Amino acid sequence: MTATDSPWLDLETYYAGAYWSARREAPEDCGRRTARLLELLAPCDPFLAHWYKPTRSLKDARKFPLMPPDMPTLTEMFRRGVNREKGKPVIEQLGFSVAFGNGGGAYDSADLSILCGCYSEAVPNSCVLSLPTLGRSPNAERVISAPVLTEAVRSMALAMDPDWAVAMSDAYRSLEIKDNNTSPWVGWLTYFSRQRGTVPPLPAPVRIEPVEDKGTLILLTPERFTVANPEHVALARRVRELLTRAGLINSR
């Protein structure tokens, strides 16, 4: 499948996500991690500096700010976010799920969806940041940029301590899954915990930088990565090949 065959091409939306394996944590631990994440995201861009407790309407949401990070509220959100089948007991090993946003409108919002405290080997923990839509949001052009997303992924790495993280378009993720169906995915930005191994030398214009003592962040290109650019796609696939050889990505 080529980039131009992608059904996502006309809707190339972007997101950042962090993922980690089984790690049992209490609601307080999840709330603490999320509070730190919100603190770290705030300086990345004003668009990521305001968050609100989920409510039935956008108008009501702005009455319940989560910033500065409200630990009791965040902890209670996770405590209420237990996973269960309707009418059945809580499935403790599936941890806690929460979702909330920055109060933006259609196409001009950021949302965080977090699954934390899961210790099932079948379901990974995750923290996913959805981003505004290019061409439909006055903030998207600024936010969906290498400087902002570098800091956003770095924030996820420091706060959530994931095995890996990525910032990429949904369009390229669809190509990754179609062509490889293995994780981690290689995106515009990709982070690896140091426990996964050492990142090898990578071809220009790729930039590699440490994230404190946690791991390594890889930026493929300083310009916006898009599946419409065949050079971007070729670079990502070359980097995936090198990372797979180095043992950082699972081979089939």
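The values are calculated or read from the model by the stated rules, or taken from the named source; none is laboratory data. Everything quoted here is computed from the prediction, not taken from an experiment. Reconstructed Cβ throughout: ideal geometry from the backbone, glycine too, with neighbour counts over all protein chains shown.
Side notes on the structure shown:
- Qualifying residue in the range 166-183 (condition: at pLDDT 95 or above and in contact with a Leu (Cβ under 7 Å, 6 or more places away or on another chain)): yes
- Of the strands (runs of 3 or more DSSP E) lying entirely inside the range 188-252, those containing at least 3 residues that are in contact (Cβ under 8 Å) with a residue 24 or more places away in the chain and of a type outside the set (A, V, I, L, M, F, W, C) are 189-193.
- Candidate set: the range 123-147, residues that are out of contact with any Phe, Trp or Tyr (no Cβ under 6 Å at 6 or more places or on another chain) and part of a loop (DSSP other than H, G, I, E, B); chosen: the one surrounded by the most Cβ atoms within 10 Å (Cβ to Cβ): 132
- Tally of residues being crowded, with 19+ Cβ neighbours inside 10 Å and over 15 Å from residue 172 (Cβ atoms) across the range 197-240: 5
- Only listed residue being hydroxyl-bearing (Ser, Thr, Tyr), part of a helix (DSSP H, G or I), modelled with pLDDT of 95 or more and over 14 Å from residue 45 (Cβ atoms), chosen from 75, 150: 75
- Which numbered condition residue 21 misses (of (1) buried (at least 17 other Cβ atoms within 10 Å of the Cβ); (2) within 25 Å of residue 212 (Cβ to Cβ); (3) out of contact with any helix residue (DSSP H, G or I) (no Cβ under 7 Å at 6 or more places or on another chain)): (1)
- Within the range 174-197, the set of residues being of a type in the set (S, T, N, Q) and under 14 Å from residue 15 (Cα atoms) comprises 174, 190.
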